[in-house]
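A.B. asks: If you scroll down you'll find the structure; I have some questions about it.
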Amino acid sequence: MSIPTVKLLINGEFVESKTTQWRDVVNPATQEVLARVPFATPDEINAAVAAAKEAFKTWKKTPIGTRARIFLKLQQLIRENMGELAALLTAEQGKTLPDAEGDVFRGLEVVEHAASIGNLQLGELANNVAGGVDTYTLLQPLGVCAGITPFNFPAMIPLWMFPMAIATGNTFVLKPSEQDPMVTMRLCELALQAGIPAGVLNVIHGGEDAVNAICDHKDIKAISFVGSTHVGTHVYNRASLNGKRVQCMMGAKNHAIVLPDANKEQTLNAIAGASFGAAGQRCMALPVVVLVGEAQKWLPDLVEKAKSLKVSGGTEPGTDLGPVISRNALNRIEGLIERGLSEGARLELDGRKPNVPGYEQGNFVGPTIFSGVKPGMSIYDQEIFGPVLCVVEAANLDEAIEFINANPNGNGTAIFTQSGAAARKFQEEIDVGQVGINVPVPVPVPLFSFTGSRASKLGDLGPYGKQVILFYTQTKTVTARWFDDSTAGQGVNTTISLK
Ligand code: NAD
């Protein structure tokens, strides 16, 4: 049976790459090869950017209502095709079908937000800043923008990027993860069907070379990157040196504090879901939990809760966690579990090599819990990106906050408590960008911006919400005075004041 190829999207056409370099897109639950993805050639990358540059000439002048209406249509198409999108996502990424719908849905929310662009891309006006003078701002699109996305949210994260960039009047070149590009391509088909004109949205595929070409391309004005810290730092440095505006959302090691006054059942459910859901492959997962005081006694209950989770193929009903993305990822996670043991952590629950009937070839690792974890151990210092939870103990809230603030990452965190005073102290003192209070995965809805901080983020502005309007636009400040024929001459003004 011939294996389908993933197409490039250049100037409104889905085209076959002429490259000689291809990679298999593999179902992580079965190892079935679903498609082959090309590594675009330099000519193809240049053609995508050239198409975007040409399309910008007219797209930037397209009325705001026309732009908004496309995203109204796109949200409808995504809703109509939700089942197909989720199934595609599960097949190539591995997460469960309900979680795949969640992935699409969190992106859909950004599309809905892009449909309100008329309210969002407003400038400011001050009337009579001097006699007969008004000052106002224009938020103008930048030109060709680019997005580079990771494997773990192949629907949501591309939808964080191209809808807001395009709604604000830019044109776009997207480079999806080469590990699971199929659902992203389906979303791009729907975007064209919704009315995005030729050249406004383009897609190239590839890995390091394609990313470097984006960082270096003289016609790309801004880059939004989401992925690991080492690649994001490279992208930020390289593209910034080339004068581009860059935002990089990167790796994480999110901690949750559990105070003994928390609602026990709710808290343990929340932690198990956030630590092991999506097989731990969320940047907002909870791989570290800090049990404070008496809450340390909850560890056996947490282990029992984790044991009850079902590991299977993402399409099997009742599955809690599916496979991890690749054999490489599986080997790395198993290697880190081995190091956790050799570095002295206590393995409370060993999820290695689970029995998964019907999916013997899948990249599975079940919920794994270590206690007695300390900084300096590889399982604490590295982002594992698998269903491995590190349990740490603290005597009190102050000690727990200090512990979290000493970790370099600043993506997300959460506290579980019934004390308003403790929660407020936590929100004030914790040095992390996204804070949950009895909410384990506090990813903000698109009315707000994604606000990771410290080592989890480079660049000042987040990828959606109000901040992204500023990211994708250049503010121009206009100071204007109009004379009619009867206005008397005011003489020469050699000062800088307006009079
Ligand atoms: P990754 O960094 O390996 O890949 C991200 C993108 O960079 C991909 O498109 C890939 O093709 C490209 N890339 C990979 N290696 C490269 C290299 N050497 N040079 C240039 N480009 C390269 O990340 P991933 O494994 O796909 O995704 C998981 C990571 O993403 C985790 O670290 C996770 O925390 C992070 N992430 C962060 C957020 C966030 O919002 N902070 C969200 C999702 C994922």
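The values are calculated or read from the model by the stated rules, or taken from the named source; none is laboratory data. Bear in mind that the values here come from a model prediction, so they are computed numbers and not experimental data. Because the Cβ atoms are built from the backbone with ideal geometry, glycine has one as well, and the counts that use them run over all protein chains shown. Heavy atoms of the whole protein, side chains included, go into the accessibility calculation; ligands, DNA and RNA do not. Shrake-Rupley method; radii C 1.70, N 1.55, O 1.52, S 1.80 Å.
A.B. asks: Condition first: away from the ligand (no atom under 16 Å from the Cβ) and either of a type in the set (D, E, K, R) or in contact with an Asp or Glu (Cβ under 7 Å, 6 or more places away or on another chain) (or both). Now tell me which residues in the stretch 240-274 satisfy that.
C.D. replies: Start the filter on the stretch 240-274 by keeping residues that are away from the ligand (no atom under 16 Å from the Cβ), which leaves 243, 245, 256-273.
Residues satisfying the conditions are ARG245, PRO260, ASP261, LYS264, GLU265, LEU268.
A.B. asks: Which of the strands (runs of 3 or more DSSP E) found entirely inside the stretch 119-184 contain at least 1 residues meeting this: under 24 Å from the mean Cα position of the chain (by Cα) and within 16 Å of the ligand (Cβ to nearest atom)?
C.D. replies: Working: elements: 125-130, 133-141, 144-148, 171-175.
Once the strands (runs of 3 or more DSSP E) in the stretch 119-184 are filtered for at least 1 residues that are under 24 Å from the mean Cα position of the chain (by Cα) and within 16 Å of the ligand (Cβ to nearest atom), what remains is 144-148, 171-175.
A.B. asks: Here is a follow-up. Would you call GLY314 farther than 19 Å from PHE385 by Cα and open to solvent by less than 80 Å² (accessible area, probe 1.4 Å)? Explain how you work it out, then say what you get.
C.D. replies: Numbers: farther than 19 Å from PHE385 by Cα: no; open to solvent by less than 80 Å² (accessible area, probe 1.4 Å): yes.
When the stated conditions are applied, GLY314 does not pass them.
A.B. asks: Please indicate, with yes or no, whether at least one residue in the stretch 223-239 is open to solvent by 50 Å² or more (accessible area, probe 1.4 Å) and more than 12 Å from the ligand (Cβ to nearest atom).
C.D. replies: No, every residue in the stretch 223-239 fails to be open to solvent by 50 Å² or more (accessible area, probe 1.4 Å) and more than 12 Å from the ligand (Cβ to nearest atom).
A.B. asks: For the structure I just gave you, tell me whether GLU343 is in contact with a strand residue (DSSP E or B) (Cβ under 9 Å, 6 or more places away or on another chain) and surrounded by fewer than 23 Cβ atoms within 10 Å (Cβ to Cβ).
C.D. replies: no
A.B. asks: Would you say LEU321 is among the aliphatic types (A, V, I, L, M) and either open to solvent by 10 Å² or more (accessible area, probe 1.4 Å) or within 25 Å of the chain's Cα centre (by Cα) (or both)? Outline the logic, then answer.
C.D. replies: Details: among the aliphatic types (A, V, I, L, M): yes; either open to solvent by 10 Å² or more (accessible area, probe 1.4 Å) or within 25 Å of the chain's Cα centre (by Cα) (or both): yes.
Answer is yes for this residue.
A.B. asks: Next question. Please find, within the stretch 282-296, the residue that is farthest from the ligand (Cβ to nearest atom) out of those that are within 24 Å of ASP103 (Cβ to Cβ) and open to solvent by 10 Å² or more (accessible area, probe 1.4 Å).
C.D. replies: Within the stretch 282-296, the match that is farthest from the ligand (Cβ to nearest atom) is PRO287.
A.B. asks: Do we find a residue being touching a residue at least 60 places away in the same chain (Cβ under 8 Å), farther than 28 Å from ALA274 by Cβ and more than 26 Å from the chain's Cα centre (by Cα) anywhere in the stretch 416-436?
C.D. replies: no
A.B. asks: Let me ask something additional. Checking the structure you have, find out if any residue of the stretch 127-134 is more than 22 Å from PRO4 (Cβ to Cβ), in contact with a Ser or Thr (Cβ under 7 Å, 6 or more places away or on another chain) and open to solvent by 60 Å² or more (accessible area, probe 1.4 Å). Let's see the steps before the verdict.
C.D. replies: Of the stretch 127-134, the ones more than 22 Å from PRO4 (Cβ to Cβ) are 127-134.
Cutting the leftovers down to in contact with a Ser or Thr (Cβ under 7 Å, 6 or more places away or on another chain) gives us 129, 133.
In the following step, the residues that additionally are open to solvent by 60 Å² or more (accessible area, probe 1.4 Å) were identified as 129.
Looking for residues that are more than 22 Å from PRO4 (Cβ to Cβ), in contact with a Ser or Thr (Cβ under 7 Å, 6 or more places away or on another chain) and open to solvent by 60 Å² or more (accessible area, probe 1.4 Å), one finds at least one in the stretch 127-134, hence yes.
A.B. asks: Which one of THR5, THR30 is more than 16 Å from ALA210 (Cβ to Cβ), open to solvent by 40 Å² or more (accessible area, probe 1.4 Å) and hydroxyl-bearing (Ser, Thr, Tyr)? Explain how you work it out, then say what you get.
C.D. replies: Values: THR5 fails: open to solvent by 40 Å² or more (accessible area, probe 1.4 Å).
Exactly one residue qualifies, and that residue is THR30.
A.B. asks: Now, a different point. For the stretch 185-210, give me each residue that is near the ligand (Cβ under 9 Å from one of its atoms), open to solvent by 10 Å² or more (accessible area, probe 1.4 Å) and either among the hydrophobic types (A, V, I, L, M, F, W, C) or more than 16 Å from SER17 (Cα to Cα) (or both).
C.D. replies: Correct list: GLU208 only.
A.B. asks: Now, a different point. Give me the residue from the stretch 427-460 that is surrounded by fewer than 19 Cβ atoms within 10 Å (Cβ to Cβ) and aliphatic (A, V, I, L, M) and, out of that set, farthest from the ligand (Cβ to nearest atom).
C.D. replies: Residue satisfying both the conditions and the ranking: ILE437.
A.B. asks: Okay, moving on. Restricting to the stretch 350-378, give me the number of residues that are among the hydrophobic types (A, V, I, L, M, F, W, C) and under 22 Å from ALA29 (Cβ atoms). Steps first, answer last, please.
C.D. replies: Filtering the stretch 350-378 down to residues among the hydrophobic types (A, V, I, L, M, F, W, C) leaves 356, 364-365, 369-370, 373, 377.
Checking the rest, the ones that are also under 22 Å from ALA29 (Cβ atoms) come to 356, 364-365.
Summing the residues that are among the hydrophobic types (A, V, I, L, M, F, W, C) and under 22 Å from ALA29 (Cβ atoms) in the stretch 350-378 gives 3.
A.B. asks: For residues that are of a type in the set (S, T, N, Q) and within 15 Å of the ligand (Cβ to nearest atom), scanning just the stretch 396-426, find the one that is farthest from ASN119 (Cα to Cα).
C.D. replies: The initial filter retains those residues of the stretch 396-426 that are of a type in the set (S, T, N, Q), namely 396, 405, 407, 409, 411, 413, 417-419.
In the following step, the residues that additionally are within 15 Å of the ligand (Cβ to nearest atom) were identified as 407, 409, 411, 413.
Numbers: ASN407: 39, ASN409: 34, ASN411: 29, THR413: 31 Å.
Step by step, filter the stretch 396-426, then rank; the result is ASN407.
A.B. asks: Also: List the pairs whose first member sits in the stretch 483-499 and is within 16 Å of ASN128 (Cα to Cα) and assigned to a loop (DSSP other than H, G, I, E, B), whose second member is at pLDDT 85 or above and not basic (Lys, Arg), and whose Cβ atoms are under 6 Å apart, counting only residues at least 6 apart or on separate chains?
C.D. replies: LEU498/ALA130; LEU498/VAL133
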